[in-house]
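The block underneath contains the structure these notes are about, expressed in structure tokens.
The values are calculated or read from the model by the stated rules, or taken from the named source; none is laboratory data. Please read all numbers here as calculations on a predicted model, not as lab measurements. Just so you know, the surface numbers come from the protein's heavy atoms only, side chains and all, with ligands and any DNA or RNA stripped out. Shrake-Rupley method; radii C 1.70, N 1.55, O 1.52, S 1.80 Å.
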Amino acid sequence: MSTSVLAHKIGSLLFCPTCGTLLALPKDDEDTVTCEQCGHLEPATSYENIEITTRSHPDAFPSALQQKRKTQTKRHEKGDQGTLVRDSMGDLCLTTLMFA
């Protein structure tokens, strides 16, 4: 099959320029990757020098240490008004639980 047109890159993914199928990663001993759908041959060098940057929200993976740093204070004056929580950044949050 044809190798004159190179794959389309979106982030770290390479798609076949002929049919749009996601191309597999090349194995260590392969010089080309064959598209499973149409047979297009993509040079393995197309995967070289692809820089990938991944970012996660700070709250995505809470650690046990961060959870221990939170302080909770229960208020009891004038009935249950909720729980006052101070996180490690010093921010206060008032949470209220309601039971039916």
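Observations on the structure shown:
- Accessible area per residue (1.4 Å probe, heavy atoms of protein chains only) ranks 46, 63 as 63, 46, with the largest value leading.
- Computed lengthening from residue 36 to residue 19, 0.36 nm per intervening residue step minus Cα-Cα distance: 5.1 nm
- The gain in end-to-end length when the residue 59 to residue 27 segment is fully stretched comes to 7.9 nm, 0.36 nm per residue minus the alpha carbon separation.
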